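Heads up, the thing below is written out as structure tokens.
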Amino acid sequence: MRSTFYAIGLMSGTSLDGLDICYSKFTRNGSDWAFEILKCETVAYASTWENDLKNAIHFTSEKLLELNSDYGFYLGEKTQDFISRHHITELDLIASHGHTVFHQPRNKFTLQIGDGRAIKIITNTPVVYDFRSQDVLLGGNGAPLVPIGDELLFPAFDACLNLGGFSNISLTRDGKRMAFDICPVNIILNELALKLGKKYDEGGDLARTGVIDHNLLKKLNQLEFYKEKAPKSLGVEWINESVLPFINNQRTEDLLATFTEHSAVQIAAILNEFDIKKVLITGGGTYNSFLIEKIKAKTKTDIHIPTKEMMEYKEALIFAFMGVLRVLNLNNVLSSATGSETDHSSGLLC
């Protein structure tokens, strides 16, 4: 039985930081897996792509279908450029998350654009894509999907916490991996930073200058989502419906301070509720030292921040791993994490 696999994972998050590309080697020894990140980089989006991806939720059906194809070819071209520049010769597959436009699991649909067939046409390499739809059809949230990687690749930690557009966590309870979204992070903080001429709040320095709006903070902490039991997930629609109505004419720095505090409160509450002793934190939000300081102050959890590579590319790494599992027809989505009917092997192959 084959034991070594080489795969590229592609990830584009809701915070629109850019396209993460991660080339990794995976080694199997019985039921144990090991990995090595070989090459990785982030391709920043040109303003036209950033605008299209951000506004795709408002596109007509025809324009969205066109964007799905165009973005698929874009992914293929960027991946082929990555392969060529790094002289990659050993490659079994490309696994692409795509970019989320709609996520409405209660209505039985989710949409990650970027047609995998276009990636295959450009790279002439097997592609696995559309990892979320099958889970939603099986009654799941279609998110979070990374817990399979957390469980098999990072067994030394009690939990894995990702700080991206939204924060999400995965942990094991009673022998089962559970996972869920916690709260918005960069999807709000980055948008606020833009109003001050910054792409993001570097180190949380802008938030440090703000004053917490305790009335707004109370409203945010009382949102119905935080009372729901896991598994549960968040999307842009929830931000538009539940969060934006609370933002009026507050000073931007004060909003940054308030939302940073809100994120820290919600994240620490989960770490404390589940008595997490040791947590691995990754994602772009890990660079927000102000947020990390606030989380540390509210919990006794041992917080482990890994290398820059792991911090930035863990999600892309795990999607590459999910692609390997899909090709092997092994389960790569855990029902205990998403709420679907059963564990399953998800992703379209081409």
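Helices (runs of 4 or more DSSP H) fully within region 48-162 that include at least 1 residues being under 15 Å from Gly235 (Cα atoms): 133-137. Residues of region 13-43 that are assigned to a loop (DSSP other than H, G, I, E, B) and either under 19 Å from Ile188 (Cα atoms) or of a type in the set (Lys, Arg) (or both): Gly13, Thr14, Ser15, Leu16, Asp17, Gly18. Quick check, is Leu171 over 22 Å from the mean Cα position of the chain (by Cα), buried (at least 18 other Cβ atoms within 10 Å of the Cβ) and not hydroxyl-bearing (Ser, Thr, Tyr)? So Leu171 fails the test.
Let's see how each residue does on (1) within 26 Å of Glu241 (Cβ to Cβ); (2) open to solvent by 50 Å² or more (accessible area, probe 1.4 Å); (3) out of contact with any strand residue (DSSP E or B) (no Cβ under 6 Å at 6 or more places or on another chain):
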| site | (1), (2), (3) |
| --- | --- |
| Leu64 | yes, no, yes |
| Phe73 | no, yes, yes |
| Arg85 | no, yes, yes |
| Glu90 | no, yes, no |
| Ile94 | no, no, no |
| Thr100 | yes, no, no |
| Gln104 | yes, yes, yes |
| Asp115 | no, no, yes |
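For region 207-231, a tally of residues being surrounded by fewer than 16 Cβ atoms within 10 Å (Cβ to Cβ), of a type outside the set (A, V, I, L, M) and not in a helix (DSSP H, G or I) returns 4.
Determine, yes or no, whether Leu280 is open to solvent by less than 70 Å² (accessible area, probe 1.4 Å), closer than 26 Å to Met11 by Cα and in a helix (DSSP H, G or I). Here the answer is no, as Leu280 does not meet what is asked. Scanning region 302-342 for residues that are under 30 Å from Lys229 (Cβ atoms) and buried (at least 18 other Cβ atoms within 10 Å of the Cβ) yields a total of 20. For region 42-62, filtering for residues that are in contact (Cβ under 8 Å) with a residue 40 or more places away in the chain and surrounded by 18 or more Cβ atoms within 10 Å (Cβ to Cβ) leaves 2.
Just name the residue that is surrounded by the fewest Cβ atoms within 10 Å (Cβ to Cβ) out of those in region 182-206 that are in contact (Cβ under 8 Å) with a residue 12 or more places away in the chain, outside any helix (DSSP H, G or I) and of a type outside the set (Val, Ile, Thr). Ranking the qualifying residues of region 182-206, first place goes to Leu196.
Looking at the structure I just gave you, is Thr299 assigned to a loop (DSSP other than H, G, I, E, B) and either buried (at least 19 other Cβ atoms within 10 Å of the Cβ) or not hydrophobic (A, V, I, L, M, F, W, C) (or both)? Yes.
Every condition in (1) more than 20 Å from Lys198 (Cβ to Cβ); (2) of a type in the set (D, E, K, R); (3) open to solvent by 40 Å² or more (accessible area, probe 1.4 Å) holds for Glu237 except the one numbered (3).
At pLDDT below 95, on the phi < 0 side of the Ramachandran plot and out of contact with any strand residue (DSSP E or B) (no Cβ under 7 Å at 6 or more places or on another chain): does that describe Arg208? Criteria not met by Arg208. Contact map, region 247-270: residues that are farther than 11 Å from Leu220 by Cα paired with residues that are acidic (Asp, Glu) and modelled with pLDDT of 95 or more, Cβ distance under 6 Å, separation 6+ or inter-chain. Pairs shown: Gln250/Asp213; Asp254/Asp213; Leu256/Asp201. Per the listing Leu163, Leu138, Leu111, the residue uniquely crowded, with 18+ Cβ neighbours inside 10 Å, in contact with a strand residue (DSSP E or B) (Cβ under 6 Å, 6 or more places away or on another chain) and not basic (Lys, Arg) is Leu111.
When region 170-217 is filtered for residues that are under 18 Å from Pro147 (Cβ atoms), out of contact with any helix residue (DSSP H, G or I) (no Cβ under 6 Å at 6 or more places or on another chain) and not acidic (Asp, Glu), the ones remaining, listed by number, are Leu171, Thr172, Arg173, Gly175, Phe180.
The values are calculated or read from the model by the stated rules, or taken from the named source; none is laboratory data. Here the structure is a predicted model, which means the values were calculated and not measured. Positions of Cβ are generated from backbone atoms using ideal geometry, with glycine treated the same way; all protein chains shown enter the neighbour counts. The protein model used for the area step is the full one, side chains on, heavy atoms only, and it has no ligands, DNA or RNA in it. Shrake-Rupley method; radii C 1.70, N 1.55, O 1.52, S 1.80 Å.
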